[in-house]
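What follows draws every value from the coordinates through simple rules; no lab data is involved. For clarity, every value in this text was computed on a predicted model and none was experimentally measured. Ideal geometry is used to build each Cβ from the backbone, glycine not excepted, and the neighbour counts take in all protein chains shown.
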Amino acid sequence: MPIDKTFKKIIIKLFETSFYLKRVQRFMKQAGIQSIAKKKFRPHTSSASVVERENLLEWDFTTKMINEK
């Protein structure tokens, strides 16, 4: 159970001392509260196909060698 930093700051401010991790976890369990853990963003590939559009500007996108343009 990760400790909510704001809850730990509140306990330190109220009791004017610091507590060990297990003690804060026990206080939180007795109070029936827990921290909110956000999920890490993981990019996903798109399942939609790429639609080829008409070349309105008429630019030349062809190359003969790598890194030519």
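Per-residue HN-Hα couplings for the stretch 51-66, Karplus 6.51 cos²θ - 1.76 cosθ + 1.60 at θ = phi - 60°, whole Hz, x for Gly and Pro?
8, 7, 9, 6, 7, 5, 7, 6, 7, 8, 9, 8, 9, 10, 10, 6
In debye, nearest 20, what is the charge dipole magnitude of the chain about its Cα centre with +1 on Lys and Arg Cβ and -1 on Asp and Glu Cβ, if you could check? Please report the intermediate quantities before stating the final value.
Values: 15 positive and 7 negative charges, 224 e Å.
It comes to approximately 1080 debye.
Starting from the 7 Å offset along Cα-to-Cβ, what nm value, one decimal, do you get for the label separation of T62 and S49?
A separation of 2.4 nm, rounded to one decimal place.
Which order do peptides 41-48, 22-29 fall in by mean Cβ count within 10 Å, highest first?
Working: 41-48: 5.6, 22-29: 13.8.
Peptide ranking by packing, descending: 22-29, 41-48.
Against the longest principal axis of the chain, how steep is helix 21-31, in degrees 0 to 90 to the nearest 10, with axes from Cα atoms?
With rounding to tens, the tilt is 80 degrees.
Checking the a/c ratio against 1.5 first, then a/b against b/c, what shape does the Cα gyration tensor give for the chain?
Numbers: a/c = 5.24, a/b = 3.84, b/c = 1.36.
In terms of gyration-tensor shape, prolate.
If you fit an axis through the alpha-carbon atoms of helix 5-15 and take the longest principal axis of the Cα set of the chain, what angle between them do you get, 0 to 90°, nearest 10?
With rounding to tens, the tilt is 20 degrees.
For K40, which lysines qualify as cross-link partners when the Cα separation must be under 29 Å and same-chain residues fewer than eight apart are set aside?
Cross-link targets: K5, K8, K9, K22, K29.
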